[in-house]
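The values are calculated or read from the model by the stated rules, or taken from the named source; none is laboratory data. What you see is a predicted model; the values in this text were computed from it and never measured. Positions of Cβ are backbone-derived with ideal geometry, glycine not excepted, and every protein chain shown enters the neighbour counts. The accessibility values were calculated without ligands, DNA or RNA, using every heavy atom of the protein model including side chains. Shrake-Rupley method; radii C 1.70, N 1.55, O 1.52, S 1.80 Å.
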Amino acid sequence: MHKSGTKIAYLGGGGYFPCRGLSDSLRSICLPWLALGVFLLPLPAFSQDIVWNGPGNPGTTWVLRPTPTGIANSLFPDLTSGNTVTVNGDVGGDVYGGQDYHTDATAAMVERNAVTVSGGTIGYRVYGGYAWSGSGNAAATGNTVTVSGGTIDYRVYGGYARSSSGSAAATGNAVTVSGGTIDYNVYGGYVDSDGTSGDALNNRIVIGGGTVFGNIYGGYSLVDGYGETGTAIGNAVTLSGSPDLTASSLYGGFVGEIDTPEPDTNSFTGNTLKVWDYTGSSVVSVRNFQYYDFVLPASMHDGGVLLDVTGDAYFNGSAQDSTSSTYGDDSFITGVNIMAGGAALSAGDKVTLMEYATRYGVAINGNDSIRGRKGVSLLYDFQLSQDAVALTAEVVGVRANPEAKSLSEGRAASLAFVRQGQDHVVRNGVAAAEAAASGHVGAGWSGPSFFAGLAGGRFRHQTGSRVDIGGASLLAGLAWRNGGPGRSLLLGIFFDAGYADYDTHNAFASGAVRGDGDSRYFGGGLLARHDWQNGFHAEASARAGVMKNRFASDLTDMFGNRARYDVSSAYFGAHAGAGYQWRLNDRAVLDLSGEYLWSRQNGGSVVAAGDPVRFEPDDSRRLRAGARLAYALNDSVSPYAGAAFEYEFDGRARAGAYGYNYGVPSLKGGSGVGEIGLTVRRGRFTADLGAQGHIGRRTGVTGGLRVGWVF
């Protein structure tokens, strides 16, 4: 049976418009009825989806039939473009993603069709798109064939275009093979023109698995001496994984007939061979590639070989151009990189990019130095060397990628947020607990008093680059007070949590790298404060919990994969402080204080863009000194204002990969703090609303609310 989609009719512009020419009054009647008819009538589909699991098997949506050229038991749709054909069962003849066949001067075009073969045996050929015109032009554009299993007994074409007396073009077609067996040649784009020209342009083939027993052509233009011209340029062949290609020769492009190249034609310019993370078999020969790009597997070691060519390797276009040097220029090595993961190559290690029996031409930069990368973490300097039997690369230098510092910025952000949570405990938690329990003035322990605090704000931290953080912190707990002669002791227990999002900004000589992420923590702790009658006081707190940090950077590896990670780590914090409350009069109190604050987030390991990144434990060590003046307007309301200075002695976020350390962002430095606020007491209820401004190494504004209730 056939499966059809829906077509949308076009009634305006210069298209078919039966209401045209009518009077205004008649047109007003015609248009609504025409629109209704178009809506209700079943119209042909723009594309078709075919699933073939074998005749009579569940899921099969089509039948086998002869092709227009007479190949029996074939599988193909009726339409020319946008089709999908999925093959999981045996087909005796051809398979087409889309076909357009004309024996006259009608132009033939197939585009955006897709064939997927995952099982079964196909007895003849597979075409992503097939265009044939007798005397008109033929074009196959943007068609694909994907093979992950099964057996194909003959050729595979991403796009095929044939014209007897017009031009033919195969452009932007693709074949991807990850499994299965192909018993003959593979073509990204194939053209056959007995007319004016045949061009195979910008097609691609990716072989990542399976077995191919024939040759592999990025682009192929059949020119057989009838006066036509042809090109096969801008094509790409990529080898990866572990396919069996022991019987295959690789061509970036080919112009000619069978194995005989046509002189003075271009099958070289812009063609690229990419050998990326390849651990497969040897190949027979390599020809007609202007560019070579290599990515070594993560398992590559000193003395290893990436690609073994048992026959000829051409590093120029002379195999195609036998009479002039127009297209006979030497090839160029565009890149040597290393896959992320595994162990790192060291200075002095030497690998073979390609070994061959016979060499033609020399790569332009075959004896130059070239810079490469491993993942996003390491930069390599390679010395290329090419002789009669091999192209090699020796490591002459390796170092951490400066841009990888951006991965540490995410950890600097989470450390800054751990600090921010500790500031909330010190500034709001202790004060909220004290205010909540202040109603108890007698000897012995009071009952529990509830306290809570909420603070939020946005900061910019200068880290050598910068980190912008916006978030909120919450704590809630219970406090008990023991008021003895000449002293008062406060103890509390609390739960705290927080959430923040952040952005990171790094500037390097190579350009800017930005990142973004979010952090959340949850934990708990203890706090204490001791007041003496003479005005001195001391306080301390300890906290612990879990910090979860998610980060993504626009730092990418050679394949465009963004570096990102999710990491969870324990955090710890403690502080100790002392001060003196100087009662200036019955209403005004000046509180002078100093504190030491310590925070730590534990280290961890993540994989970012394939690199095994390790994070070291990060510590924050700060000293803070300040003063606050409070003035009681009455028994219930007391405004206050204060100022402080703090200095961070550490705050470094350290990370690295493969034994190399990234650049280290640091929160180290001094910041000034100013604050204003208002405290309100009403019976058993207390509340405080305040705001702080920061300047220096850390800049920004925060606001906070704390409340308390005596049970």
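Residue count for the range 137-152 under the criterion of being out of contact with any Asp or Glu (no Cβ under 8 Å at 6 or more places or on another chain), surrounded by fewer than 24 Cβ atoms within 10 Å (Cβ to Cβ) and either more than 13 Å from Asn203 (Cβ to Cβ) or in contact (Cβ under 8 Å) with a residue 60 or more places away in the chain (or both): the result is 5. In the set (1) open to solvent by 30 Å² or more (accessible area, probe 1.4 Å); (2) under 32 Å from the mean Cα position of the chain (by Cα); (3) over 23 Å from Ala416 (Cα atoms), the condition left unmet by Arg600 is number (3). When residues in the range 542-565 are screened for being open to solvent by less than 10 Å² (accessible area, probe 1.4 Å) and within 8 Å of the chain's Cα centre (by Cα), 1 of them pass.
Among the residues making up the range 492-523, a single one is at pLDDT 95 or above, among the aliphatic types (A, V, I, L, M) and over 21 Å from Val567 (Cα atoms): Ile493. Taking the criterion of being within 20 Å of Thr146 (Cβ to Cβ), open to solvent by 20 Å² or more (accessible area, probe 1.4 Å) and of a type in the set (A, V, I, L, M, F, W, C), the residues of the range 184-216 that qualify are Val206, Phe213.
Scanning the range 64-75 for residues that are outside any loop (DSSP other than H, G, I, E, B) and of a type in the set (A, V, I, L, M, F, W, C) yields a single hit, Leu75.
Scanning the range 219-244 for residues that are open to solvent by less than 60 Å² (accessible area, probe 1.4 Å), of a type outside the set (Phe, Trp, Tyr) and either within 23 Å of Ser197 (Cα to Cα) or more than 31 Å from the chain's Cα centre (by Cα) (or both) yields a count of 13.
Yes/no matrix, rows are residues, columns are (1) within 17 Å of Tyr184 (Cβ to Cβ); (2) assigned to a loop (DSSP other than H, G, I, E, B):
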{"residue": "Gly230", "(1), (2)": "no, no"}
{"residue": "Val237", "(1), (2)": "yes, no"}
{"residue": "Ala247", "(1), (2)": "yes, yes"}
{"residue": "Phe268", "(1), (2)": "no, yes"}
{"residue": "Lys274", "(1), (2)": "no, no"}
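Each row is one residue, and each column tells you yes or no for (1) part of a loop (DSSP other than H, G, I, E, B); (2) within 17 Å of Gly214 (Cα to Cα); (3) polar (S, T, N, Q); (4) touching a residue at least 24 places away in the same chain (Cβ under 8 Å).
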| residue | (1), (2), (3), (4) |
| --- | --- |
| Tyr124 | yes, yes, no, yes |
| Ala131 | no, no, no, yes |
| Tyr154 | yes, yes, no, yes |
| Arg162 | no, no, no, yes |
| Thr176 | no, yes, yes, yes |
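Check whether at least one residue in the range 260-271 is in contact (Cβ under 8 Å) with a residue 60 or more places away in the chain, of a type in the set (A, V, I, L, M, F, W, C) and under 25 Å from Ile182 (Cα atoms), and report yes or no. Looking for residues that are in contact (Cβ under 8 Å) with a residue 60 or more places away in the chain, of a type in the set (A, V, I, L, M, F, W, C) and under 25 Å from Ile182 (Cα atoms), one finds none in the range 260-271, hence no. With respect to Ala431, is the statement that it is out of contact with any strand residue (DSSP E or B) (no Cβ under 6 Å at 6 or more places or on another chain), under 30 Å from Leu306 (Cβ atoms) and assigned to a helix (DSSP H, G or I) true? When the stated conditions are applied, Ala431 does not pass them.
Considering the conditions (1) modelled with pLDDT under 90; (2) under 30 Å from Ser148 (Cβ atoms); (3) open to solvent by 60 Å² or more (accessible area, probe 1.4 Å), Val63 is excluded by exactly one of them, (1).
For the range 348-386, filtered to residues that are over 30 Å from Arg614 (Cα atoms) and charged (D, E, K, R), the residue that is farthest from the chain's Cα centre (by Cα) is Arg359. Of the strands (runs of 3 or more DSSP E) entirely within the range 631-711, those holding at least 1 residues that are touching a residue at least 40 places away in the same chain (Cβ under 8 Å), open to solvent by 80 Å² or more (accessible area, probe 1.4 Å) and not hydroxyl-bearing (Ser, Thr, Tyr) occupy 669-682, 698-710.
Condition check ((1) at positive phi; (2) under 32 Å from the mean Cα position of the chain (by Cα)) across all residues:
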{"residue": "Asp153", "(1), (2)": "no, no"}
{"residue": "Gly172", "(1), (2)": "yes, yes"}
{"residue": "Val175", "(1), (2)": "no, yes"}
{"residue": "Ile182", "(1), (2)": "no, no"}
{"residue": "Asp194", "(1), (2)": "no, no"}
{"residue": "Asn202", "(1), (2)": "yes, yes"}
{"residue": "Ile205", "(1), (2)": "no, yes"}
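Looking at Gly464, Gly471, just one residue is more than 30 Å from Asn585 (Cα to Cα) and not in a strand (DSSP E or B), and that residue is Gly464. Considering only residues in the range 304-321 that are part of a loop (DSSP other than H, G, I, E, B) and in contact with a strand residue (DSSP E or B) (Cβ under 7 Å, 6 or more places away or on another chain), the one that is farthest from Tyr356 (Cα to Cα) turns out to be Gln320. If you go through the range 153-162 and keep only what is crowded, with 24+ Cβ neighbours inside 10 Å and of a type in the set (Phe, Trp, Tyr), you end up with Tyr157, Tyr160. Determine whether Val606 is surrounded by 17 or more Cβ atoms within 10 Å (Cβ to Cβ) and in contact with a strand residue (DSSP E or B) (Cβ under 6 Å, 6 or more places away or on another chain). Here the answer is yes, as Val606 does meet what is asked. Restricting attention to the range 279-303, which residues are open to solvent by 40 Å² or more (accessible area, probe 1.4 Å), over 13 Å from Glu355 (Cα atoms) and assigned to a loop (DSSP other than H, G, I, E, B)? Selection gives Thr279, Ser299, His301, Asp302.
Between Gly535, Gly515, Gly525, the distinction of being under 30 Å from Leu296 (Cβ atoms), touching a residue at least 24 places away in the same chain (Cβ under 8 Å), in contact with a strand residue (DSSP E or B) (Cβ under 9 Å, 6 or more places away or on another chain) and not polar (S, T, N, Q) belongs to Gly515 only.
Only one of the listed residues (Ala435, Ala452, Ala479) is at negative phi, hydrophobic (A, V, I, L, M, F, W, C), in contact (Cβ under 8 Å) with a residue 40 or more places away in the chain and open to solvent by less than 10 Å² (accessible area, probe 1.4 Å). That residue is Ala479.
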